[in-house]
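Have a look at the structure below, then the notes.
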Amino acid sequence: MGASTRLLSIDVFRGLTMAAMVLVENPGDWNHTYHQLHHARWGMPITFTDWILPFFLFIVGLSVPFALDKRRAAGISDSALIGKILRRSGILFGLGLLLYLYPHFRFERMRIPGVLQAIAVVYLICALLYLKTSWRVQAALVPAIVMGNWLLLTRVPVPGIGPPNLRPDTNLAAWLDSTLLGGHLRNPGSDPEGLLTTLSAVGTCLLGVLAARWMRGRRRESLKVGGLAAAGFVLAATGRLWSVAFPMIKDLWTGSYMMHTAGLALLFFALLYWLIDSKRLRGWEFPFAAYGASCIAVYLASQLTYITLFAVLRFPAAGNRVVSLLEVIQRGLFRPWLSPAAASLAFALCTVVFWGIPLGILYRKKIHIRI
């Protein structure tokens, strides 16, 4: 498999994951959504929503070797590539800040961590590691990150609080975020995409890098798929077993959570690769490939539109109330014939389809909006 080879299964995997992200981030009513479309409550079994960011970061890792080796083959030096990596990471981080500033632009209350910020930092670290270290170093870093996360959260006392613990607001990660970022967090005193969480997520991305290296090696297709599936099963099962003693907590990116979700990502990618690139069972993948080709752009567009519908376009209503256009749409189109949770899901599904139409047109024209 040459440096310029592109796997359609990666684009489809990315698109499926982004479509899922758009689905869970755009409910018609946050107060009425199905359990699986919420992040799990602290310490409870993880939900479908808790898979999405680990899957996306795993895909970021999958893409790194293909993208960087293609540019190397085109004659771009490593120093120039580092400049591109820094620039892209900075743009992603800045766009993430924009999402939390819009529409009021209150810099004094701006949330600094976030989804795009986490993607930017994890991509930056893993891309630089891929350029400057061997696969052995990258492979060794994964268990080091997992064990480092466990040791920090379960063995290091929390300054000013006491013994190490995994409670929501008194764990070491929350202390670190509140100490360094103060009032710029999602929750008072903590953030689900905080500093320690983001650094731990590097392990998920590195597993994607290693999976891509495995796929690019000279070996039989059956061995490629079997190796991915076997590694995925072992990781997912080990993470699940470990969670009995070290719970899967997304907001802390605990080692058990990282291993379990990365294992699931490996299994899902093995299936997609087998179907799309090995057996070439195609025809169904088009909408997801379109989503995958412009994934960050559609995430930004959908989020800015949702914020506009919810927080900008607001109108006076009976009883001195103010209602958003989002609520008007819900009441007019979905709630008359659906339960509140089903109406909320219907709006989210319509949002996925709505953005899929222009993405499909762009994809047909081979126009990919890359950030």
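Here, each number is a calculation from the coordinates, and none is a lab measurement. Since the structure is predicted, the reported quantities are computational estimates derived from the model, not experimental observations. Backbone-built Cβ (ideal geometry, glycine too); neighbour counts: all protein chains shown.
log₁₀ I(q)/I(0) of the range 53-281 at q = 0.08, 0.12, 0.13, 0.15 Å⁻¹, via Debye over equal Cα point scatterers, no solvent, to two decimals? The computed values of log10 I(q)/I(0) come out as -0.32, -0.71, -0.83, -1.05. Which one of Tyr123, Leu252, Leu223 has its Cα pushed farthest toward the positive end of the charge dipole of the chain, where Lys and Arg give +1 and Asp and Glu give -1 at the Cβ? Final value for the positive-end residue is Leu223. Within the chain, helices built from complete DSSP H runs that reach 15 Å or longer along their own axis (Cα positions) and carry a mean Kyte-Doolittle hydropathy of 0.0 or higher are 8-25, 49-73, 78-101, 115-132, 135-155, 195-216, 221-242, 255-272, 295-307, 340-364. What is the sum of charges, Lys and Arg at +1 and Asp and Glu at -1, for the other residues whose Cβ falls under 14 Å from the Cβ of Asp29? The answer is 0. Using 16 Å as the cut-off for backbone N distance, which residues of the range 170-193 belong to the label zone defined by a point 7 Å from the Cα of Arg155 along Cα→Cβ? Answer for this model: 172. Each Lys and Arg adds +1 at its Cβ and each Asp and Glu adds -1 at its Cβ; summed about the Cα centre, the range 53-281 shows a dipole of about 880 debye.
Taking the fewest neighbouring Cβ atoms within 10 Å as the starting point, the ordered list for Ser63, Ser243, Ser134 is Ser134, Ser243, Ser63. Volume per residue for the range 258-303 equals 90 cubic angstrom (convex hull of Cα atoms).
Counting pairwise Cα distances across the range 55-188, what percent come out greater than 27 angstrom?
Of all Cα-Cα distances in the range 55-188, 37 percent exceed 27 Å.
Comparing Cα centroids, the range 313-371 and the range 217-242 end up 39 angstrom apart. Lysine pair count for the chain with Cα-Cα distance under 23 Å and sequence separation of 8 or more or different chains is 8.
Remark on the chain: Cys295, Cys350 stand apart, with no other cysteine beta carbon under 4.7 Å. Its relative contact order, with pairs defined as Cα atoms under 8 Å and 6+ residues apart, puts the range 59-199 at 22 percent.
When you filter the chymotrypsin sites (Phe, Trp or Tyr not before Pro) in the range 71-155 for DSSP loop state and at most 11 other Cβ atoms inside 10 Å of their Cβ, you are left with Phe105.
Under the criterion of Cα pairs below 8 Å and six or more residues apart, the relative contact order for the chain equals 27 percent. Calculated [222 nm] ellipticity per residue, helices only, for the chain: -21000 deg cm²/dmol; basis is -39500 (n - 2.57) per DSSP H run with n ≥ 4, divided by all residues, nearest 500. Other residues lying with their Cβ under 15 Å from the Cβ of Thr170 contribute a combined charge of -3, Lys and Arg counting +1, Asp and Glu -1. With R₀ set to 25 Å, the beta-carbon distance separating Arg282 from Ala80 gives a calculated FRET efficiency near 0.10.
From least to most packed, judged by other beta carbons within 10 angstrom and beginning with the fewest, Trp51, Trp337 follow the order Trp337, Trp51.
Of the trypsin sites (Lys or Arg not before Pro) found in the range 270-371, those that fall in a DSSP loop while having at most 13 other beta-carbon atoms within 10 Å are Lys279, Arg280, Arg282, Lys365, Lys366, Arg370.
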